[in-house]
Each structure stands twice: as structure tokens, then as C-alpha cells.
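> Below you'll find the structure I mean.
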Amino acid sequence: MTAVSAAPLRHDWTRAEVEALFRLPFNDLIYAAQTAHRRHFDANQVQLSTLLSIKTGGCPEDCAYCPQSAGFETDVDASKLLAVEAVLAEARAAKDAGASRYCMGAAWRSPKERDLDRVVEMVRGVKAMGLETCVTLGMVDGDQALRLKAAGLDYYNHNLDTSPEYYGAIITTRTYQDRLDTLAAVRDAGLNVCCGGIVGMGEDLDDRAGLLVTLANLPDHPESVPINLLVQVEGTKLAGTAPLDPLDFVRTIAVARILMPASMVRLSAGREQMSDETQALCFLAGANSIFVGPKLLTTDNPEAARDARLFDRLGLSPMPLESAAQAAE
Ligand code: SAM
Ligand code: DTB
Ligand code: SF4
């Protein structure tokens, strides 16, 4: 099935409208989300991405969820920026394992120029393998975004994480506006935007609505919207947070799909802790991208065999690179 055009994309959602979507009877919400999904995508294809931490831990930021913040005692060992060749070897292996997109993440507030030089080489090399490329390096300015674009970068990931109201309870070392400024720099450089957030951080329904309405009302919808379920890591400020009802997670995916129908909605962190049945509901609600491989950045992700079994049980197949690229057109 090829993508068909649908109603024009909206950027004028009100908070009340989005909260009302969250409160729909579950079946009505999922039906609306699946309908929107089928207007733009093949409902039985899911994009496979691979993630690599190219610089781990020791981060100066205080994000309350993050095991890589230097402010928390966690099991994460800090390491320096990897060598270009080491990253390219990992990317080759990911391609051989069937990934069509390769994402590289660094535990930085923002990249230093010398570090960016090396990341530019990584992007060039991964792109030359025919993989879609994505990096997440913290805050970037216009010049840095342009250098990454020139190297062949397809997507820049930078999350808003939560609603503007709840944000201050999660991060104090950079502002919501800092994040919006980075997103504008990325967009102005002609890069595709990958931007989403985390749920299960003790926020309420209004905050989940506030995150999604902010994303949907950006001048352009992010082409990729990662929805992470908090992975609770011992030692971080959010360890011990009351877990989110899995059906409220599914609702978040469904509302993201309805608000941003032509974007890739990525079922990101938290799959290792989720049942196969919850993941199946996420796909039904319109999630069409996942990270594969045994690790996210520092935490566990399902083993390849579990994902292969799940795809088999659900009759899902990996999305070809060309179909994923259409979402970014
Ligand atoms: N340091 C850069 C930054 O924060 O801009 C890039 C890497 S950072 C680890 C990328 C994203 O991972 C964060 O924005 C957050 O949404 C997500 N993340 C980090 N720790 C997480 C956790 N424990 N559970 C779920 N998502 C998490
Ligand atoms: C995103 O939104 N989720 C990914 C990716 N962007 C870089 C990262 C998830 C990290 C989960 C915690 C960890 O493994 O350290
Ligand atoms: Fe640092 Fe990114 Fe973790 Fe925040 S989310 S502490 S910026 S690595």
C-alpha cells in the first residue's frame, strides 16, 4: 500500500481538544488513530532503527530521568567519544542485521567544535553505507546544524521531554526555550526533526496533552516523534516513580498519531519492560518505528529473537528504507 493524501495537517490544536482525545473511550481513540495511520502508512510495516551511544555518561545536565547525568550515582561508566572507525564497524553490523536507520547519541549539553568534527566524519561514513542517519548531541546552534546537514545527516533528535508546565520538575540546567531554539536551528538547516518526550515520569494527563500539543503546533510537525516510557534506573531522581498504566501509554501513542498523522511515531524506550500485548496495542495505535538491538543507549532493549517472534505473531514486516524516507518528504 502506498501513502495516500489526506486532510491537511493541523497546527492549531487546543489543549482542550487534545485532552478530550485522551479521555475518549479507548476503542474510539484507537479506531481514530488506526484510521489516521492507514491514510498515511502501511499498517503492517514498522521501521527498524539501531541506536549507539558514541559518548557515554559524565553529562553536566541534571535530567531527573537520566542515568548518564554526572549528578547521579548509577552503574553507567563514563567514556570518551568513540573513534570514527569503531562507530562505522557498528553501523555496518547494524545494516547487516536489517536496520535501515542508524542513530548516534552523545551525553553532552552541547557538542564542542573538536567533537563535532569527529561526529561529522561518523555521519559521512554511515550515510555512505546507504543508511538513514540521526544524531542526538544536545543543544546545537545554526552553524553546527548546517555542518551536520552538509555531512549528510537526515535527522536530528532533540526531545521536549514533557509539557512546558512539568518541565521544571524534571530539568533545571536548560530551559524549554533552549530546546525550542535548538529545534528551530535544526529545522532552519533543512534537517528533519526527531522530537518527542518521555511519559511515566509522574506527570498527569494534562502534561501528556501539553507535550503533544506543543509538538503538533510547531511550524512543521517533527517528521519523527519518539514516545519513550521512562526506564527507571537505580540512582536517578525518578527511580521509584509510580508506574504509568500501560493503557495510558497506548493512549499517548494514539493521540500522537492523530495529531501528527504523517510523522513516524517511534515506540522508543521502555519496550524491554513492556508486555508483547502492550506493544501490539501501540502498533494498533499507530506506532510504526522501534529501536532494535540489545541496548538503547545504556539500558536494555529486547533481544532480536523476542522482536522477531513478536513481528511473526503480529504479521509485521520491517519498513523498507524508501517508505520511511517518504515520511520525511
Ligand atoms: N544528551 C543529549 C540530550 O539530552 O539532548 C542526547 C542524548 S539523551 C540520552 C536523548 C533522550 O533520551 C532524552 O532526551 C530522553 O528523552 C531520553 N531518555 C534518557 N534517559 C531516559 C530514560 N531513563 N527513560 C526514557 N527515556 C530516556
Ligand atoms: C529517544 O527519544 N529515545 C532514545 C533516542 N531518542 C536517543 C534514547 C532512549 C534512552 C533510554 C535510556 C538509556 O538507554 O540510557
Ligand atoms: Fe545529559 Fe542528555 Fe542525559 Fe540530559 S538526557 S543528562 S542532557 S545525556
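Just so it is clear, none of the values below were taken in a lab; they were calculated from the coordinates. For clarity, every value in this text was computed on a predicted model and none was experimentally measured. Using ideal geometry, Cβ is built from the backbone for each residue, glycine included, and neighbour counts are taken over all protein chains shown.
> When the Cα centres of segment 108-180 and segment 42-84 are compared, how far apart do they sit, in Å?
Cα centres, segment 108-180 to segment 42-84: 13 Å.
> Okay, next question. Need one number: % antiparallel among DSSP beta bridges in the chain, to the nearest 5.
5
> Hey, another quick one. Can you give the net charge of the other residues whose Cβ lies under 12 Å from the Cβ of L24, counting K and R as +1 and D and E as -1?
-1
> Quick one: the Cα spread of segment 215-264 along its three principal axes, in angstroms, biggest first?
Taking max minus min along each principal axis of the Cα atoms, segment 215-264 gives 37, 21, 16 Å.
> If you don't mind, another one. Express the relative contact order of the chain as a whole percentage, based on alpha carbon pairs under 8 Å and six or more residues apart in sequence.
23
> Please list the non-local residues whose amide H lies under 5 Å from the amide H of E223, H modeled 1.01 Å from N, same-chain partners needing a gap of 5 or more.
V193
> Can you give the relative contact order of segment 92-168 as a percent, counting alpha carbon pairs under 8 Å and 6+ residues apart?
Reported as a whole number, the value is 33 percent.
> For segment 41-150, which GluC sites (Glu not before Pro) pass both filters: DSSP loop (anything but H, G, I, E, B) and at most 10 other C-beta atoms within 10 Å?
Qualifying residues, ordered by number: E73.
> Using θ = phi - 60° and the Karplus relation 6.51 cos²θ - 1.76 cosθ + 1.60, list the HN-Hα couplings for segment 41-57 in order, rounded to whole Hz, with x at every Gly or Pro.
9, 6, 5, 10, 10, 10, 6, 9, 10, 10, 10, 9, 7, 8, 8, 10, x
> Distance cut-off 24 Å, Cα to Cα: go down the list K95/K237; K149/K237; K80/K112 and report the pairs above it.
Checking Cα-Cα distances, K95/K237; K149/K237 exceed 24 Å.
> Once the dipole of segment 1-132 is set up with Lys and Arg at +1 and Asp and Glu at -1 on Cβ about the Cα centre, which of C63, Q45, Y102 lies farthest towards its positive end?
Q45
> Shifting gears a bit: Order the peptides 205-212, 32-39, 284-291 from the highest to the lowest mean number of other Cβ atoms within 10 Å of their residues.
Highest-to-lowest ranking by the protection proxy: 284-291, 205-212, 32-39.
> Let me know the shape class of segment 190-329, please: from the alpha-carbon gyration tensor, a ≥ b ≥ c as square roots of the eigenvalues, rounded when a/c is under 1.5, otherwise prolate if a/b is greater than b/c, or oblate.
oblate
> Report relative contact order for segment 120-257 in percent, whole number only (criteria: Cα-Cα under 8 Å, sequence separation at least 6).
It comes to 22 percent, rounded to a whole number.
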